[in-house]
Amino acid sequence: MQYSEIMIRYGELSTKHKNRMRFINKLRNNISDVLSIYPQVKVTADRDRAHAYLNGADYTAVVESLKQVFGIQNFSPVYKVEKSVEVLKSAVQEIMKEIYKEGMTFKLTSKRSDHNFELDSRELNQTLGGAVFEAIPNVQAQMKNPDINLQVEIREEAAYLSYETFRGAGGLPVGSSGKGMLMLSGGIDSPVAGYLALKRGVDIEAVHFASPPYTSPGALKKAHDLTRKLTKFGGNIQFIEVPFTEIQEEIKAKAPEAYLMTLTRRFMMRITDRIREVRNGLVIINGESLGQVASQTLESMQTINAVTSTPIIRPVVTMDKLEIIDIAQEIDTFEISIQPFEDCCTIFAPDRPKTNPKIENAEQYEKRMDVEGLVERAVAGIMITKITPQAEKDAVDELIDNLL
Ligand code: ATP
Ligand code: MG
């Protein structure tokens, strides 16, 4: 038998009545975006559940995609059949014959939301259980932890059967918490920070600073590729490339070596904040991890942070590098992050950056530059590309083709 749809149960949704539908609509759109790589699949959502209608699509692939989408508690592929006792009997027999292996135990759980159906749930259990014994005489029924738990649900429009439930990714639907700007380098930490922000429902836009010709097209591609990886969790992501060469050259020319890093970061922060403002973001997200490098001491964070009062989320701030790497591997960004393309910060990085930069000093050095003009020109020069789950699928397909 072929699965007709996947029934999706919601995760931690807002309990507030008014917000519930907004959350559900976000989740439905996210599921649609992520599953858009399977053109036959259609997604709908109501108050209690969402449904992905397979229309012939390979359910195992759809299952793998759904496992990643934030805001889903769990989901079950189901068979939709006509609401008749005879049809149900032969359906449970057919399914059991397909999945039963010697020695397995089973249980039948029936539920009836259509109370006009001719059998109630107890009678359904008996009748359909009987049909199972008829088809597989040796099968053992077991109420506690059976190998097969065959669920039957009689609803208004049809009857549904399922026996597999997959755990969802949990978290909140991407976008249900609002929008934030992710400062995305090509490193290990910021994609993980982005993933964790997505998990709590933040719709991210990736802001990447590039300094050609000092940074290579490879570095830019890396940031693109990392963004693509993040589309699995909630759908499309806008990638915003910021031209940063002029600013880096200006800092290099005007400021002492020890403050290059600090000033670079302050400019990045200002520009990200400006972009956030025009694009209606609420927050900035970055991959800073306390004490990891000179720019990430508390003194540094304070001096860098001083250019804005916008809240900054640092999802990996208290994590050890190894913990961050574990997540990077899990979400498949690690291999991309370790590709050897120099980031704009690495190229202009002093050998010994100041670990306790002072706000007053940073401000002093910035007086030597036209900060406002530099920021404005950078913001005016941004390039925005929409990155989709389809782009990720194409990249993976290409990789597979090359291997074969
Ligand atoms: P990552 O692994 O994310 O690159 P890192 O350990 O290399 O982090 P830094 O280079 O000090 O740390 O950067 C700290 C944070 O600043 C990054 O996590 C990222 O959020 C932001 N950042 C650094 N470089 C860039 C860039 N080129 N474009 C956008 N954001 C950047
Ligand atoms: Mg970095």
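The values are calculated or read from the model by the stated rules, or taken from the named source; none is laboratory data. Worth saying up front: this structure is predicted, and the values here are computed from it rather than measured. Heads up, the Cβs are rebuilt from the backbone with ideal geometry, glycines too, and the neighbour counts pull from every protein chain shown. Surface accessibility is based on the protein's heavy atoms, side chains included, excluding ligands, DNA and RNA. Shrake-Rupley method; radii C 1.70, N 1.55, O 1.52, S 1.80 Å.
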Given the criteria open to solvent by less than 40 Å² (accessible area, probe 1.4 Å), within 14 Å of ligand 1 (Cβ to nearest atom) and part of a helix (DSSP H, G or I), does Ile336 qualify? yes
Expected output for segment 330-342 (first residue under 14 Å from Gly194 (Cβ atoms), partner outside any loop (DSSP other than H, G, I, E, B) and polar (S, T, N, Q), Cβ below 8 Å, 6+ apart or cross-chain) is none
For segment 181-203 the number of residues that are outside any helix (DSSP H, G or I) and near ligand 1 (Cβ under 6 Å from one of its atoms) is 5
Only one residue in Tyr38, Tyr59 is closer than 19 Å to Thr231 by Cα and either within 36 Å of the chain's Cα centre (by Cα) or of a type in the set (S, T, N, Q) (or both), so which one is that? Tyr38
Got a sec? Which helices (runs of 4 or more DSSP H) wholly within segment 343-394 have at least 2 residues that are open to solvent by 80 Å² or more (accessible area, probe 1.4 Å)? 359-366, 371-380
Can you pull out the residues in segment 132-153 that are under 19 Å from Val78 (Cα atoms) and in a helix (DSSP H, G or I)? Val132
Mind listing just one residue for me: the one in segment 109-126 that is in a strand (DSSP E or B) and open to solvent by 20 Å² or more (accessible area, probe 1.4 Å) and, of those, nearest to Pro146 (Cα to Cα)? Thr109
Those residues of segment 177-222 which are away from ligand 2 (no atom under 11 Å from the Cβ), touching a Cys at 6+ places or on another chain (Cβ under 7 Å) and among the aromatic types (Phe, Trp, Tyr) amount to Tyr214
Inside segment 285-303, can you point out the residues that are part of a helix (DSSP H, G or I) and open to solvent by 30 Å² or more (accessible area, probe 1.4 Å)? Leu298, Glu299, Gln302
Could you list, in sequence order, all residues of segment 33-91 that are outside any loop (DSSP other than H, G, I, E, B), of a type in the set (D, E, K, R) and out of contact with any strand residue (DSSP E or B) (no Cβ under 9 Å at 6 or more places or on another chain)? Asp33, Glu64, Glu86, Lys89
Collect the residues in segment 90-135 that are touching a residue at least 60 places away in the same chain (Cβ under 8 Å) and among the hydrophobic types (A, V, I, L, M, F, W, C), keeping them in residue-number order. Ala91, Val92, Ile95, Ile99
Report whether or not Val207 is open to solvent by less than 20 Å² (accessible area, probe 1.4 Å), within 7 Å of ligand 1 (Cβ to nearest atom) and not in a helix (DSSP H, G or I). yes
For segment 245-261, give me each residue that is over 31 Å from the mean Cα position of the chain (by Cα) and within 11 Å of ligand 1 (Cβ to nearest atom). Gln248
Going through segment 156-173 in order, the residues found to be open to solvent by 30 Å² or more (accessible area, probe 1.4 Å) and farther than 16 Å from Ser76 by Cα are Glu156, Glu157
State the number of residues belonging to segment 304-315 that are free of Cβ contacts under 8 Å to residues at least 60 places away in the same chain, open to solvent by 10 Å² or more (accessible area, probe 1.4 Å) and either within 16 Å of ligand 2 (Cβ to nearest atom) or not in a loop (DSSP other than H, G, I, E, B) (or both). 2
Has segment 276-284 got any residue that is part of a strand (DSSP E or B), assigned by the TED database to the domain that holds Asp189 and within 11 Å of ligand 1 (Cβ to nearest atom)? yes
